[in-house]
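The values are calculated or read from the model by the stated rules, or taken from the named source; none is laboratory data. This structure is a prediction, so every number in the text was calculated from the model and none was measured. Cβ placement follows ideal geometry from the backbone for every residue including glycine, while neighbour counts extend to all protein chains displayed. With ligands, DNA and RNA removed, areas are computed over all heavy atoms of the protein, side chains included. Shrake-Rupley method; radii C 1.70, N 1.55, O 1.52, S 1.80 Å.
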Amino acid sequence: MQDANASGENYLDVDWNTDDELEIFGEAGTSAHPVATYSTEAVVDTGEASTSAGDSRFKLISHFIGMGFAEALVSKAIEENGGGDTESILNTLLTYSTLEDSPKEEKQLSTNSDLSSSDYNENLVNELSDLDSCSDNDLEDNPHSISEKHKMLLSLESSGSLSEKDRKLLDLANMGFAVEEASIAMERCGPNESVSVLTDFICAAQLSREENCHLEDDLKARFICNGSSKNKKRKLHEMRRKNEMAEETIRLPNPMIGFGIPSMQPEKVDRFIPESERGPPYFYYENVALAPKGVWDTISRFLYEIEPEFVDSKYFSACARKRGYIHNLPIENRFPLIPIPPLTIHQAFPLSKRWWPTWDTREKLNCIQTAIASAKLTERIRSALERYDGDPPESVQKYVMEQSRKWNLVWVGRNKVAPLEPDEMEMLLGFPKNHTRGGGISRTDRYKSLGNSFQVDTVAYHLSVLKDMYPNGINLLSLFSGIGGGEVALHRLGIKLKNVVSVEKSKVNRDIVRSWWEQTNQTGTLIDFDDVQQVDDERLEQLIDTIDGFDLIVGGSPCNNLAGSNRVSRDGLEGKESSLFFEYVRILNSVKSIMRSRRRSR
């Protein structure tokens, strides 16, 4: 996450590190419309649509229709403001929603604007282009050419013999959807559903990560055919080849409770750990759950074929955090931290109940991110809500809820939402108050550090088995320490930290851990390094000889190249940051080898 995004000024372009926010949308029962992942940048071309212009305009239209705005109003707002100014388009649409509440004003709007269905369809045909320009050769891999069916609907419209069902099919086809997709949506949702609902259904299917489901890329392929590029066939082939090579996201368990949580225990857990890897030194590795499937297969292979334990921190706190853990710790006799932290939003923020609207049904917050919403966004929401004495229209509610889930906005006044403060994030993640405060650390750095941290209550539950095993304290090797989530978890469990070797690149984070160490009056020794490559075999031998070995190796290597929603640098374990996983493996194997050699020589 770039620091420039931490203040939220460029919030529309944030490249999320996880897919947790999409899961929250689904659990809340809202429509899975494309606004959560589509870019809102668009280019409107008054001539023949180019590949990027047609694609971008379609996404822009789908974006606002997904919020619940009528397609006719969306088209008019785009024409008035231009496709590149999403903020002005949104303000125009919110104004239209206000006018629609008044019958007199609604009538005036209908009279003064050219929003008839036929004109709207004609404009879409002209601007997005239908599929006629895509030749049979360009679609030779698709013998069932969609353009023929589209042309048939246009012909029926010209003859005035369109049924209501065909009218909706034509509307969806003119927006760029395949007629087959539209037909399936109508069959599943019912023929009487609105175009907006049908659009939501199709876009939800496009966002699906089921095997061989790539409707979004198929749609892009059709826009390539509509463009004027001379290399249409090559682009289409490359897109399909990329599609075939795309890695499937791993199928996660539901519920995501791993090998058990305090309130829910599986009847039986079949877990294999090689005999040679049982017992100390114990290790505990964490990363994002929604990495591509091949990534977790690779991680497991390098960590002795041990099965990942996938856990969502919503069972331990009021916020979600879907993570996978591979470790050789026992799983019997775990216990949670006491006191039990707040498990719902209203438990965490009781004062917010006074302002919480009935139509905001959230009980859990989204995953804590490294960026927050801008003041401009929260002001826009306030202005939109203050136009209504009672509940706002559904389209405005959907917009507010989308932004509130995405940015973890909470109600702090009448019609007023605000992002979480750093100390509130600390509480939700299980850290002590002001853990990241002090020493000249900026708010931006605090948000960034917290967004990349462990959820302490979750990790402590897994590490709790060590308390009876090490009554005199523990020697810890903490790799990619961040702000010390592993150290804080052990401390809160009452496990003495005799010696801690911490490896962390960020000076801000190292200062936070050092400050916490001093503030909590730790009596052990803290040694820190700023680069994992400094921790070579020679250095490890020195450390092991000095402190008499490590009892636990904890680490969570960077997930920048792994997260499911990362489309910019999703290079898997070959990525610049995420390849540091192999440093964790190298150091773990070295520690085990050195300690095994020391035991044999005694």
| Every pair of residues 6+ apart whose Cβ atoms lie under 6 Å, when the first sits in the stretch 178-189 and is assigned to a helix (DSSP H, G or I) while the second is open to solvent by 40 Å² or more (accessible area, probe 1.4 Å) and not hydrophobic (A, V, I, L, M, F, W, C) | V179/K149
| task | Taking K467 as the residue in question, decide whether it is open to solvent by 50 Å² or more (accessible area, probe 1.4 Å) and touching a Gly at 6+ places or on another chain (Cβ under 6 Å). | result | no
| query | Do you know which residues across the stretch 307-341 are outside any loop (DSSP other than H, G, I, E, B), among the aliphatic types (A, V, I, L, M) and open to solvent by 30 Å² or more (accessible area, probe 1.4 Å)? | reply | none
| Taking the stretch 155-176 as the search range and keeping residues that are in contact (Cβ under 8 Å) with a residue 40 or more places away in the chain and part of a loop (DSSP other than H, G, I, E, B), which one is surrounded by the fewest Cβ atoms within 10 Å (Cβ to Cβ)? | M175
| remark: How many residues of the stretch 383-399 are assigned to a helix (DSSP H, G or I) and surrounded by 15 or more Cβ atoms within 10 Å (Cβ to Cβ)? The answer is 7
| request: Quick one: in the stretch 500-557, of everything that is aromatic (F, W, Y) and assigned to a helix (DSSP H, G or I), which residue is farthest from the chain's Cα centre (by Cα)? | output: W517
| said: Which count do you get for residues in the stretch 501-527 that are hydroxyl-bearing (S, T, Y) and closer than 12 Å to S449 by Cα? | reply: 1
| Is it the case that the stretch 422-444 has a residue that's assigned to a helix (DSSP H, G or I) and at pLDDT below 95? | yes
| request: Sort through D114, D136, D200 and tell me the only one that's outside any helix (DSSP H, G or I), closer than 19 Å to L73 by Cβ, modelled with pLDDT under 75 and of a type in the set (D, E). | output: D114
| Pairs where the first residue, in the stretch 542-554, is more than 30 Å from G324 (Cβ to Cβ) and the second is open to solvent by less than 20 Å² (accessible area, probe 1.4 Å) and part of a strand (DSSP E or B), C-beta under 9 Å, 6+ apart | D548/N475
| Residue that is farthest from the chain's Cα centre (by Cα), among those in the stretch 340-363 that are closer than 19 Å to P262 by Cα and among the hydrophobic types (A, V, I, L, M, F, W, C) | I340
| From the list T344, T370, which residue is open to solvent by less than 10 Å² (accessible area, probe 1.4 Å) and either closer than 19 Å to A320 by Cα or touching a strand residue (DSSP E or B) at 6+ places or on another chain (Cβ under 9 Å) (or both)? | T370
| query | Does the stretch 476-499 contain at least one residue that is over 14 Å from Y284 (Cβ atoms), open to solvent by less than 10 Å² (accessible area, probe 1.4 Å) and assigned to a strand (DSSP E or B)? | reply | yes
| E386 out of contact with any strand residue (DSSP E or B) (no Cβ under 8 Å at 6 or more places or on another chain) and free of Cβ contacts under 8 Å to residues at least 40 places away in the same chain | yes
| said: Quick check on the stretch 457-475: of everything there that is in a helix (DSSP H, G or I) and among the aliphatic types (A, V, I, L, M), which residue is farthest from P262 (Cα to Cα)? | reply: M469
| note | In the stretch 342-382, anything closer than 12 Å to V417 by Cα, part of a helix (DSSP H, G or I) and of a type in the set (S, T, N, Q) is listed as S352, T378
| said: Name the single residue that is nearest to D391 (Cα to Cα) among those in the stretch 61-85 being modelled with pLDDT of 75 or more and open to solvent by 20 Å² or more (accessible area, probe 1.4 Å). | reply: A70
